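The block underneath contains the structure these notes are about, expressed in structure tokens.
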Amino acid sequence: MKTASSPSAVSVAGKSKPKTGIRPTLPERIFNVFNYVFFTLMGITTLLPFVNLIAKSLSSEAAVISGIVNLWPIGFQLGTYKFVLQDAAFMNSMKISIFLTAVGTALSLFMTTITAYPLSKPRLRGRKWFLLMFIFTMLFSGGLIPTYLLMHKLHLVNTLPVLFLPAMVNVYNMLIIKSYFEGLPDSLEESAKLDGAGNLRILFFIALPLSLPVLATIALFFAVYFWNDYFNAMIYISNPSLKPMQLFLKELLLSSGDFMRNETLNVDAALNTSPQSIQAASIMIATVPILLVYPFLQKYFVKGVLVGSVKG
Amino acid sequence: MNQSAANQQISRPHKGYFATLWSDVRKDWDLYLLLLPGVLFLLLFKYTPMYGILIAFKDFNIFDGMSASPWVGFKHFEKLFTSDDFALVLKNTLIISLLKIVFLFPLPIVIAIMLNELKNMIFKRTVQTVIYLPHFLSWVIVSGLFIDILSTNGGLVNKVLVHFGMEPIAFFMDTDYFRSVLVATAGWKETGWSTIVYLAAFSTIDPQLYEAAKIDGASRWRQIWHITLPGITPIIVLMFILRLGNIFEAGTEQILAMYNPTVYKVSDVIGTYVYRMGLGNQDYSFTTAVGMFESVIGFILILTGNYLSRKYLHRGIW
């Protein structure tokens, strides 16, 4: 395989060519083209369902029902979004989700961080046992029914705290934060100690400010978890006024389309919008918050995940 | 750090373990205090349910409570191994999980390698941003997107099928296709995100290896085959162990968001079965036994995988 590649690299070292590197061989060039085409297609495949959904949410009832909407809205209207945003049940579920996400993220980030900090100190006696105790829960669990019965016994069923209290200490995220703390230089802590700072002062005024990237990442993970969780709500919440948005959406989705009908939203017959459009608009509204924060946080979470995964 | 620890031992050589522990706790009492809430939460929300597994060996009745319900030994486990339901559910779980492993485990590795070969950084970043995105959507949203795009009433995929003269397929209602839907949608949601781990692993490979290979005239293909792949083998093995440990988790959250009674026969897995029979029919003891079977086997698989990985690759999860 030393056709066109080697001369530029070895023999003409004296003549400074503007092009760095080696000219690709023909198979390499074919591969490159294939690669760009492949990833363009993959990107399109990823986005296609959204484009389709947006088109449906913006199309008129007649167009959606006759199934002619593809990637572009037909009979453009904004009534569907207006309708969804005025629906009391939908808005209530959204409020519940916002509350859960805000409170859940703040509490779990706090709890997970204060747990990670002591465990990042090698001098902490019993550290190994504590760690083992935490890691064991990642490998083995009591399972759904015993957990449900515990919540029942604690009178947490059909209350909102059941949706964030048990999630407050996430072992996986804790390990990521812990390994980040371990990477901070020891000398910082020592010099702070010489100045008379205690452990808590060191944590809050030195370690935490230095750990903002990883904390932002984990905060994002928690926020996404609480925003997206429907499973716990499905298990523990039956009171309609306490249902978070994902659960509300799930019931809305399963209520029509290819499935049997069962009204969750009360569609006014006079309204120029189809149940399909309403579903589409609801899905879009539930997705918008993530779409909005995602590009800004991307650089943080990728870095954060890399820290976590390489150290494992 | 080490020195101060050594000094301590020299200055107080005769103290017992508990005395040293006590002095450590007094010195770093605030660190232990920080740890306390986490440990209490763990004991309450994780370890108490483990104790609750005992109801698998009892005829649990929610009115009598845990201690008053009578012991029945292995009755529920005997029922489990003779029940047709369980056989079906176990079969579905393994089939769906294996399909996902076969089709979706190698995919992120291949895609990460291909991503790594992209030289245009703007294109690469854009692609990454797009393919990571679905990971951040809930299964409810994903099932909503696909119910729509796969529907027989104006769904894009069926339009394409009809265009090529095929019969439309009710993917979400068809027992022949539903598992493929599960695998494909799981791939759509997580493949991009799963590449991150491998991309991270690439960064640990010594760039000098590539330089040397280039000087020896190795093509890109040979560089991938002889440097990149061996370089990420430990991570691949690690991910594989983790995946095998989860073989009984065929994707409960996904399936619960996507299935419906017409496809229970091919998609009811251990997790969904425990949910429906346990909470729906309040068959607490039996479904706890089912769940315990899942946890114990998963635990054994992870331990075994980790042991093998440590023995042969000198690297484990812990």
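The values are calculated or read from the model by the stated rules, or taken from the named source; none is laboratory data. Just so it is clear, the structure is predicted and the values come from calculations on it, not from any experiment. Don't worry about glycine lacking a Cβ; one is built from the backbone with ideal geometry, like all the others, and counts go over all protein chains shown. When the accessible area is computed, the model is the full protein with side chains, heavy atoms only, and any ligands, DNA or RNA have been set aside. Shrake-Rupley method; radii C 1.70, N 1.55, O 1.52, S 1.80 Å.
Of the residues making up segment B:275-284, those that are open to solvent by 10 Å² or more (accessible area, probe 1.4 Å) and not acidic (Asp, Glu) are B:TYR275, B:ARG276, B:MET277, B:LEU279, B:GLY280, B:ASN281, B:GLN282, B:TYR284.
Restricted to segment A:22-31, and to residues that are in a helix (DSSP H, G or I) and at the interface with chain B (Cβ under 8 Å from one of its Cβ atoms), which residue is surrounded by the fewest Cβ atoms within 10 Å (Cβ to Cβ)? Give the derivation first.
So the first thing to find is which residues in segment A:22-31 are in a helix (DSSP H, G or I), and the list is A:26-31.
Next, only the ones that are at the interface with chain B (Cβ under 8 Å from one of its Cβ atoms) stay: A:27-28, A:31.
Numbers: A:PRO27: 13, A:GLU28: 18, A:PHE31: 18.
Once the filter is applied, the top-ranked residue is A:PRO27.
Residues of segment B:300-318 that are surrounded by 15 or more Cβ atoms within 10 Å (Cβ to Cβ), within 17 Å of B:GLY231 (Cα to Cα) and either among the hydroxyl-bearing types (Ser, Thr, Tyr) or modelled with pLDDT of 75 or more (or both): B:SER309 alone.
Going by the conditions given, is A:VAL214 open to solvent by less than 20 Å² (accessible area, probe 1.4 Å) and out of contact with any strand residue (DSSP E or B) (no Cβ under 8 Å at 6 or more places or on another chain)? Quick ask: steps written out before the conclusion?
Numbers: open to solvent by less than 20 Å² (accessible area, probe 1.4 Å): yes; out of contact with any strand residue (DSSP E or B) (no Cβ under 8 Å at 6 or more places or on another chain): yes.
When the stated conditions are applied, A:VAL214 passes them.
Mind checking whether some residue in segment A:109-118 is closer than 28 Å to A:SER179 by Cα, within 12 Å of chain B (Cβ to nearest Cβ), open to solvent by 20 Å² or more (accessible area, probe 1.4 Å) and free of Cβ contacts under 8 Å to residues at least 12 places away in the same chain? Yes, that holds for at least one residue.
Considering only residues that are out of contact with any Pro (no Cβ under 9 Å at 6 or more places or on another chain) and over 30 Å from B:ASN306 (Cα atoms), which ones fall in segment B:208-235? Listed by number, the residues that qualify are B:GLN208, B:TYR210, B:GLU211, B:ALA212, B:ALA213, B:LYS214, B:ILE215, B:ASP216, B:GLY217, B:ALA218, B:ARG222. Is there a residue in segment B:190-199 that is among the hydrophobic types (A, V, I, L, M, F, W, C), more than 30 Å from A:PHE31 (Cα to Cα) and either at pLDDT 90 or above or open to solvent by less than 70 Å² (accessible area, probe 1.4 Å) (or both)? Scanning segment B:190-199, I find no residue that is among the hydrophobic types (A, V, I, L, M, F, W, C), more than 30 Å from A:PHE31 (Cα to Cα) and either at pLDDT 90 or above or open to solvent by less than 70 Å² (accessible area, probe 1.4 Å) (or both), so the answer is no.
What helices (runs of 4 or more DSSP H), lying completely within segment B:222-318, carry at least 1 residues that are within 9 Å of chain A (Cβ to nearest Cβ)?
Details: elements: B:229-245, B:252-258, B:264-267, B:270-273, B:284-313.
Correct list: B:229-245, B:252-258, B:270-273, B:284-313.
Report yes if some residue within segment B:128-145 is more than 30 Å from A:PHE226 (Cα to Cα) and open to solvent by 20 Å² or more (accessible area, probe 1.4 Å); otherwise report no. Show your work before the answer.
Narrowing segment B:128-145 to residues more than 30 Å from A:PHE226 (Cα to Cα): none.
No: zero hits.
Could you figure out which of (1) closer than 25 Å to B:GLY271 by Cβ; (2) part of a helix (DSSP H, G or I); (3) facing another protein chain (nearest Cβ under 9 Å); (4) open to solvent by 30 Å² or more (accessible area, probe 1.4 Å) isn't true of B:ALA184? Tallying (1) closer than 25 Å to B:GLY271 by Cβ; (2) part of a helix (DSSP H, G or I); (3) facing another protein chain (nearest Cβ under 9 Å); (4) open to solvent by 30 Å² or more (accessible area, probe 1.4 Å), B:ALA184 fails exactly one: (3). Here B:PRO230 passes the criteria (1) under 29 Å from A:PRO24 (Cα atoms); (2) open to solvent by less than 60 Å² (accessible area, probe 1.4 Å) except the one numbered (2).
Residues satisfying the criterion are absent from segment A:236-255 (criterion: within 9 Å of chain B (Cβ to nearest Cβ), outside any helix (DSSP H, G or I) and under 15 Å from the mean Cα position of the chain (by Cα)).
Taking segment A:286-312 as the range and being at pLDDT 80 or above, buried (at least 19 other Cβ atoms within 10 Å of the Cβ) and aliphatic (A, V, I, L, M) as the test, the residues that pass are A:ALA286, A:ILE290.
Residues of segment B:150-168 that are modelled with pLDDT of 90 or more and open to solvent by less than 10 Å² (accessible area, probe 1.4 Å): B:ASN158 alone. Cβ separations smaller than 9 Å between residues 6+ apart or across chains give the following pairs from segment B:48-69 residues that are touching a residue at least 12 places away in the same chain (Cβ under 8 Å) to residues that are of a type in the set (D, E, K, R): B:PHE57/B:LYS75; B:ASP59/B:LYS75; B:MET66/A:LYS153; B:MET66/B:LYS58; B:SER69/B:LYS58; B:SER69/B:ASP59. Mind listing whichever residues of segment A:134-178 are farther than 30 Å from A:PRO213 by Cβ and at the interface with another protein chain (Cβ under 7 Å from one of its Cβ atoms)? Within segment A:134-178, A:PHE140, A:SER141, A:GLY142, A:GLY143, A:LEU144, A:ILE145, A:PRO146, A:THR147, A:TYR148, A:LEU149, A:LEU150 qualify.
Evaluated against (1) touching a residue at least 12 places away in the same chain (Cβ under 8 Å); (2) within 12 Å of chain B (Cβ to nearest Cβ), A:ARG123 falls short on exactly one condition, (1). The single condition among (1) modelled with pLDDT of 95 or more; (2) within 25 Å of A:VAL51 (Cα to Cα) that B:TYR132 does not meet is (1).
Do we have B:ILE205 as out of contact with any His (no Cβ under 8 Å at 6 or more places or on another chain), more than 17 Å from B:LEU104 (Cβ to Cβ) and within 7 Å of chain A (Cβ to nearest Cβ) here?
On the way: out of contact with any His (no Cβ under 8 Å at 6 or more places or on another chain): yes; more than 17 Å from B:LEU104 (Cβ to Cβ): yes; within 7 Å of chain A (Cβ to nearest Cβ): no.
It is false that B:ILE205 is out of contact with any His (no Cβ under 8 Å at 6 or more places or on another chain), more than 17 Å from B:LEU104 (Cβ to Cβ) and within 7 Å of chain A (Cβ to nearest Cβ).
Please enumerate the residues belonging to segment A:176-211 that are among the β-branched types (Val, Ile, Thr) and open to solvent by less than 20 Å² (accessible area, probe 1.4 Å). Break it down stepwise before answering.
At the first step, the residues of segment A:176-211 found to be among the β-branched types (Val, Ile, Thr) are A:176-177, A:202, A:206.
Within segment A:176-211, A:ILE176, A:ILE177, A:ILE202 qualify.
Of all residues being part of a helix (DSSP H, G or I) and open to solvent by 30 Å² or more (accessible area, probe 1.4 Å) in segment A:56-81, which is farthest from the other protein chains (Cβ to nearest Cβ)? Just the residue, please. Can you show your working first?
Taking segment A:56-81 as the starting set, the residues that turn out to be part of a helix (DSSP H, G or I) are A:56-57, A:61-65, A:79-81.
Okay, now just the ones that are also open to solvent by 30 Å² or more (accessible area, probe 1.4 Å), so A:61-62, A:65, A:79, A:81.
Working: A:GLU61: 13, A:ALA62: 12, A:ILE65: 8, A:GLY79: 19, A:TYR81: 16 Å.
Within segment A:56-81, the match that is farthest from the other protein chains (Cβ to nearest Cβ) is A:GLY79.
When segment B:26-80 is filtered for residues that are more than 7 Å from chain A (Cβ to nearest Cβ), more than 31 Å from the chain's Cα centre (by Cα) and of a type in the set (Asp, Glu), the ones remaining, listed by number, are B:ASP59, B:ASP64. Exactly one residue among A:LEU144, A:LEU160 is in contact with a Gly (Cβ under 9 Å, 6 or more places away or on another chain) and either aliphatic (A, V, I, L, M) or surrounded by 22 or more Cβ atoms within 10 Å (Cβ to Cβ) (or both), and that residue is A:LEU144. Filtered by the rule that a residue be over 30 Å from B:PHE146 (Cβ atoms) and at the interface with another protein chain (Cβ under 7 Å from one of its Cβ atoms), segment A:32-48 gives no residues.
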